[in-house]
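The values are calculated or read from the model by the stated rules, or taken from the named source; none is laboratory data. On a predicted model such as this, the values are computed, not experimentally measured, just so you know. All Cβ positions, glycine included, derive from the backbone under ideal geometry; neighbour counts span all protein chains shown. The accessibility values were calculated without ligands, DNA or RNA, using every heavy atom of the protein model including side chains. Shrake-Rupley method; radii C 1.70, N 1.55, O 1.52, S 1.80 Å.
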Amino acid sequence: MSVDPMIYEAQFFGFTPQTCMLRVYTAFQDYLFEMMLVVEGVMLKKLDGIPGCKISPSKIRKCTEKFLLFMKEHFDKLFSKMEEVLLQLVLNIPKNVLLPEDKVQEQYPYSEEEFQALQDELQQLQQ
């Protein structure tokens, strides 16, 4: 997961892009686990109907877990690529875009020195 706080994006969207990505990841992962249980259930049912089948449910469970691990590893690789693209191209606000509540800063720009001078004056007034 990305460590950049993406504060401006959070202000714009109402949620952090990282939180969005975490929820998408969790949803996909939950769906993957759910599907593996369904696949395992179908395999058990189909093999139960075959007379003389020597594959035990524990063997099927081991194979399902092995396949799930394989799928999860590949899913994690693909998701990290998808996350990178989404955070850069979809859930990213370009630096030249101002939110409506920040338009005042465009009308009345100030430098870092002016801001510090105002902070100092404010501190003196408070004393």
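Assorted remarks:
- For region 3-59, filtered to residues that are outside any helix (DSSP H, G or I) and of a type in the set (Val, Ile, Thr), the residue that is nearest to Leu69 (Cα to Cα) is Ile55.
- Residue under evaluation Phe79, criteria (1) modelled with pLDDT of 95 or more; (2) open to solvent by 50 Å² or more (accessible area, probe 1.4 Å), criterion not met: (2)
- Matching option when the condition is modelled with pLDDT of 90 or more, open to solvent by 70 Å² or more (accessible area, probe 1.4 Å) and of a type outside the set (Asp, Glu), among Tyr110, Tyr25, Tyr31: Tyr31
- Residue ID - nearest to Leu32 (Cα to Cα), chosen from residues in region 82-99 that are assigned to a helix (DSSP H, G or I) and open to solvent by 100 Å² or more (accessible area, probe 1.4 Å): Glu84
- Pairs with Cβ under 9 Å, 6+ apart, first in region 108-127 and free of Cβ contacts under 8 Å to residues at least 12 places away in the same chain, second open to solvent by 100 Å² or more (accessible area, probe 1.4 Å) and in a loop (DSSP other than H, G, I, E, B): Leu118/Tyr110
- Cross-chain or 6+ apart pairs with Cβ under 7 Å, region 24-49 first and without any contact (Cβ under 8 Å) to a residue 40 or more places away in the chain, then charged (D, E, K, R) and open to solvent by 60 Å² or more (accessible area, probe 1.4 Å): Glu40/Arg61
- For Leu68, the requirement of being closer than 30 Å to Val38 by Cβ, open to solvent by less than 70 Å² (accessible area, probe 1.4 Å) and either in a helix (DSSP H, G or I) or not β-branched (Val, Ile, Thr) (or both) is met.
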